[in-house]
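Bear in mind that the values in this text are calculations on the coordinates, not laboratory data. Keep in mind that what you see is a predicted model, and the values were worked out from it rather than measured. Glycine gets a Cβ as well: all are built from the backbone with ideal geometry, and neighbour counts include every protein chain shown.
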Amino acid sequence: MIDGPYFVLAVLGALACGLAAGVFAGFSTFVMKGLAALPPAQGIAAMNRINVAAVTPAFMAVFMGAAALCAVLAVVTFVLWPDEGTVELLLGSALYLVGSFGVTIAANVPRNEALAEVDENSAEGAAYWRTYVSEWTAWNHVRTVASLAATASFILALT
């Protein structure tokens, strides 16, 4: 059984990944749908403001904190190699670090940066907005599922 500080790390990892999954799920299920329903210029303007507002200490603590916890859990698991929960802890860490943090860096952030550069009132901006919403949301689904799967994996490691 996982216990002591290692147990606390695993619980915090599960909670942080679960909280991140909830944020991502909210975006996929209603925020992006609401933004997509707006005229393109308004949707672009709103999403650009959201992207700026998202870089707050509260969100970054969750997003980066979960990544840090997963990295620490992976290292500690490799060092301690416990009798139980090893596969689940390593899998949970990899799911979040690759499927959530990695996808954010490789897929969502570049799209956000490109959106910030378009003229929201142009035909090109409107065309990019349709592509952006579709692609960004698809990658956000990946982040949601990866974060939720990481949460489940950590919970399984604790049982």
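What the table below lists for this structure:
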read-out: Residue-span extension gain [residue 12 to residue 30] - 0.36 nm each, minus C-alpha spacing; value: 3.8 nm
read-out: Folded to 0 to 90 degrees: helix 86-96 orientation relative to the chain principal axis, Cα; value: 10 degrees
read-out: Fluctuation leader among 111, 49, 143 - the chain, Gaussian network, Cα springs under 10 angstrom; value: 49
read-out: Label-point gap, in nm, between residue 75 and residue 127 - each point 7 angstrom along Cα→Cβ; value: 4.8 nm
read-out: Mean separation of Cα contacts under 8 Å, 6 or more apart, over the residue count of region 4-158: relative contact order %; value: 44 percent
read-out: Rounded to 10°, Cα long-axis angle of helix 123-158 versus longest principal axis of the chain; value: 10 degrees
read-out: Residue 38 versus residue 114: modelled label distance in nm, points set 7 Å from Cα along the beta carbon direction; value: 2.0 nm
read-out: Reported label for calculated Rg and Dmax of the Cα atoms in Å given [x] 15.0, 47; [y] 17.8, 59; [z] 22.2, 62; value: [y]
read-out: In region 106-159, the GluC sites (Glu not before Pro) that fall in loop regions by DSSP, at most 10 other Cβ within 10 Å; value: none
read-out: Dipole magnitude (debye, nearest 20) for the chain, charges at Cβ of Lys, Arg, Asp, Glu; value: 300 debye
read-out: Förster radius 25 Å - calculated FRET efficiency between residue 134 and residue 64 (Cβ-Cβ, nearest 0.05); value: 0.40
